[in-house]
Amino acid sequence: MITRTLLLFSAIICVGACQPEKKEILFPKTDLASVPLIPKPIKTVATHSAFGLDSNTVIYTSTQDPAFEKVGQFLSEKIKGKIGLDLAVNDNNSGKLERLIYINQSDSADLETPESYQLYVQKDTIFVNAKTAAGAFRGIQTLRQLIPEKSNDTLTDHPLWLIPTGKIVDAPKFEYRGAMLDVARHFFTVDEVKKYIDILAYYKYNTIHLHLSDDQGWRIEIKSWPKLTEVGAKTEVGGGEGGFYTQEQYKDIVQYAEDRHMTVIPEIDMPGHSNAASLSYPFLNGNGKSLKPYTGTRVGFSTFDAQKDTVYSFLDDVIGEIAAITPGPYFHAGGDESHVTKKNDYILFVEKVEKLVQKHGKKMIGWNEIAQANLDPSSVAQLWNESHSAIKAAENGLKVILSPSERTYVDMKYDSISEYGLTWAGLIPVDVAYNWNPETYVEGLPRESIIGIEAPLWSETISNSAELEYLAFPRVIGIAELGWSPAEHCNWEEYKQRLAQQVPYLNQMEVNYYPSPLIDWKKE
Ligand code: TNX
């Protein structure tokens, strides 16, 4: 460790002093403050020079925490993918060191949250300072966005990618910034989910919530109850073949998210939205009607039987198996639209499930209807349709996630010509999804109760990556900014220009975004 630190310091000094024979390169004036960063950082100070990223640049990371080295490697891979440069990470033998990117663990009091970071771009050195690897990871997303697609090879004999110099000080507004994907109405493969996660991470999301069960399908292997997937996974909306994740595949998704400092939240929706589970094990069924595979899109007709002990032993196993392979702190128990569950049964059910979730070491999240029950303040209510429920939950000490359907439901159509999407919560053009302030949106909901926001993507009308991307992008990019940036930086007229500049990234990622006519998209 000492060797690397010593080497690093001599390297930093060397960068400044050891190459007197090298010609000073004259860079054009740059402006860090006008790079179209999303989410917009808290503070940016431009110093108008440039760091010339090139093949002689080396990435070093703090040695105190091995997770920092992984952040360095992630940055190296993404730089390679974007501009083709292959930068070494912590390579002490690199004799050709001219410029340095240093990802540094710092305990500075200025880094107030685990995800805070500072980015200093100087002519020969870039510093990313953060308290935790998660903070460093958010910081390198900003750095990725600062790297131009094109090198400036007219000035020197070898290409340099000019990064504007200056200082960025940044931290998230909310600790919870989520996107939900419904893999139950239509199944999405592991690779499709990973692609979505990778793009979300670029915009500093830290949570991916997977809606793993619904009337139309059960999507995760439960070893103690095999029919859930043998029977319950075989259907989806429209009659397709369905599918499910084995526990190994789920763990693979969790790891992929963890590599991006993102948490997976698994959701088993209950007591309603449970036809696929009851079809697999009919003793679960509480609506007294005969069970049939369901491939339509109606909601609210199914329920578990809240009065049977065997239902809770089943749920103990299911929650236990999923909790055991979920490192994140939460388990989402659904709880929405249980229209055929009697009110007393519903309350009993949610309270019992909360205890099971806690027994397995997790905190429960539920859709806003759970506020009817008497819950522990460690549980979280997710607002989707009833402000009064969210306010009630907050009064009872619960934290709240905001997913107001008329703003964040990215499964709604953009406009009347949208190819995919539903309309029950209204049309949601790109500006409507962006133009609201989560801190003040729900009148009477205290700011301290809000842990963050989430963009749900229900999949009744979509069944593959291209369709998913059409609905998610560009709206989830704006919601990323609402979750991260201070309200005073969130201005539609200015934001839409930064959004227009995302085209090179979206094209490189082959994202089938909706080319909304509200945006003057950058031509490539
Ligand atoms: C409402 S939001 C639902 C989902 C549907 C969605 C379609 C919520 C908690 N329940 O079951 O898929 O609308 O937009």
When restricted to V254, V264, V231, the only residue under 30 Å from A67 (Cβ atoms), in contact with a helix residue (DSSP H, G or I) (Cβ under 8 Å, 6 or more places away or on another chain), among the aliphatic types (A, V, I, L, M) and assigned by TED's automatic domain parsing to the domain that holds E321 is V264
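Among the residues of region 298-321, which ones are part of a helix (DSSP H, G or I) and within 18 Å of S278 (Cβ to Cβ)? Give the steps one after another, and end with the answer.
Residues of region 298-321 that are part of a helix (DSSP H, G or I), as a first pass: 309-321.
Those that are part of a helix (DSSP H, G or I) and within 18 Å of S278 (Cβ to Cβ): D309, T310, V311, Y312, S313, F314, L315, D316, D317, V318, I319.
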In this structure, does F68 turn out to be under 26 Å from the mean Cα position of the chain (by Cα) and in the same structural domain as V121 (by TED's automatic domain parsing)? yes
Reported set for region 105-120 where residues are of a type in the set (S, T, N, Q) and farther than 17 Å from F137 by Cβ is S108
Breaking point among (1) more than 16 Å from the ligand (Cβ to nearest atom); (2) among the acidic types (D, E); (3) assigned to a strand (DSSP E or B), for D269: (1)
Which numbered condition trips up G361, out of (1) assigned to a loop (DSSP other than H, G, I, E, B); (2) under 28 Å from E469 (Cβ atoms)? (2)
Near pairs, Cβ below 6 angstrom, 6+ apart or cross-chain, from region 496-524 (over 20 Å from D411 (Cα atoms)) to any residue that is among the aromatic types (F, W, Y): A500/W521; V503/W521
Among the numbered criteria (1) among the hydrophobic types (A, V, I, L, M, F, W, C); (2) touching a strand residue (DSSP E or B) at 6+ places or on another chain (Cβ under 6 Å); (3) away from the ligand (no atom under 14 Å from the Cβ), which single criterion is violated by A381? (3)
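Answer with yes or no whether A371 is outside any loop (DSSP other than H, G, I, E, B) and within 14 Å of the ligand (Cβ to nearest atom). So that I can check it myself, show each step before the final result.
Values: outside any loop (DSSP other than H, G, I, E, B): yes; within 14 Å of the ligand (Cβ to nearest atom): yes.
Yes, satisfied.
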For region 135-151, give me each residue that is assigned to a helix (DSSP H, G or I) and in contact (Cβ under 8 Å) with a residue 40 or more places away in the chain. A136, F137, R138, I140, Q141, T142, L143, R144, Q145, L146
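Yes or no, residue by residue, for (1) out of contact with any strand residue (DSSP E or B) (no Cβ under 6 Å at 6 or more places or on another chain); (2) more than 16 Å from the ligand (Cβ to nearest atom):
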| position | (1), (2) |
| --- | --- |
| L181 | no, no |
| V190 | yes, yes |
| I208 | no, yes |
| D215 | yes, no |
| I220 | no, yes |
| Q249 | yes, yes |
Inspect all residues belonging to region 184-199 and state whether any of them is of a type outside the set (D, E), modelled with pLDDT of 95 or more, open to solvent by 10 Å² or more (accessible area, probe 1.4 Å) and touching a Lys or Arg at 6+ places or on another chain (Cβ under 8 Å). yes
Which residues, counting only those in region 152-199, are touching a residue at least 24 places away in the same chain (Cβ under 8 Å) and assigned to a helix (DSSP H, G or I)? V190, E192, V193, K194, K195, Y196, I197, D198, I199
Of all residues being more than 20 Å from the chain's Cα centre (by Cα) and surrounded by fewer than 22 Cβ atoms within 10 Å (Cβ to Cβ) in region 324-337, which is farthest from G272 (Cα to Cα)? Just the residue, please. A324
Could you pull out the residue among P429, P377 that is touching a residue at least 12 places away in the same chain (Cβ under 8 Å) and touching an Asp or Glu at 6+ places or on another chain (Cβ under 8 Å)? P429
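Could you please give the count of residues in region 287-323 that are touching a Pro at 6+ places or on another chain (Cβ under 7 Å) and open to solvent by 10 Å² or more (accessible area, probe 1.4 Å)? Let's see the steps before the verdict.
Quick first cut of region 287-323, residues touching a Pro at 6+ places or on another chain (Cβ under 7 Å) only: 291, 303-304, 306, 322.
When the remaining residues are screened for being open to solvent by 10 Å² or more (accessible area, probe 1.4 Å), the result is 291.
Qualifying residue count, region 287-323: 1.
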If I ask for residues that are more than 21 Å from E510 (Cα to Cα), of a type in the set (K, R) and touching a helix residue (DSSP H, G or I) at 6+ places or on another chain (Cβ under 8 Å), which ones from region 40-86 would you list? K40, K70
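Taking the stated definitions as given, is G361 open to solvent by less than 50 Å² (accessible area, probe 1.4 Å) and at positive phi?
Details: open to solvent by less than 50 Å² (accessible area, probe 1.4 Å): no; at positive phi: yes.
No; evaluated as a whole, the condition is false for this residue.
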Looking at region 200-227, which of its residues are open to solvent by 20 Å² or more (accessible area, probe 1.4 Å) and not in a loop (DSSP other than H, G, I, E, B)? K227
Check on T189, over 16 Å from the mean Cα position of the chain (by Cα) and within 20 Å of A233 (Cβ to Cβ): yes
For region 388-489, please list each of the helices (runs of 4 or more DSSP H) lying entirely inside it that holds at least 2 residues being more than 14 Å from the ligand (Cβ to nearest atom) and open to solvent by 10 Å² or more (accessible area, probe 1.4 Å). 430-434, 465-472
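Please work out if V340 is in a loop (DSSP other than H, G, I, E, B), in the same structural domain as Y245 (by TED's automatic domain parsing), within 16 Å of the ligand (Cβ to nearest atom) and open to solvent by 60 Å² or more (accessible area, probe 1.4 Å).
Details: in a loop (DSSP other than H, G, I, E, B): yes; in the same structural domain as Y245 (by TED's automatic domain parsing): yes; within 16 Å of the ligand (Cβ to nearest atom): yes; open to solvent by 60 Å² or more (accessible area, probe 1.4 Å): yes.
For V340, the condition - in a loop (DSSP other than H, G, I, E, B), in the same structural domain as Y245 (by TED's automatic domain parsing), within 16 Å of the ligand (Cβ to nearest atom) and open to solvent by 60 Å² or more (accessible area, probe 1.4 Å) - is met.
The values are calculated or read from the model by the stated rules, or taken from the named source; none is laboratory data. Because the structure is a prediction, the values reported are computed rather than measured. Positions of Cβ are backbone-derived with ideal geometry, glycine not excepted, and every protein chain shown enters the neighbour counts. Heavy atoms of the whole protein, side chains included, go into the accessibility calculation; ligands, DNA and RNA do not. Shrake-Rupley method; radii C 1.70, N 1.55, O 1.52, S 1.80 Å.
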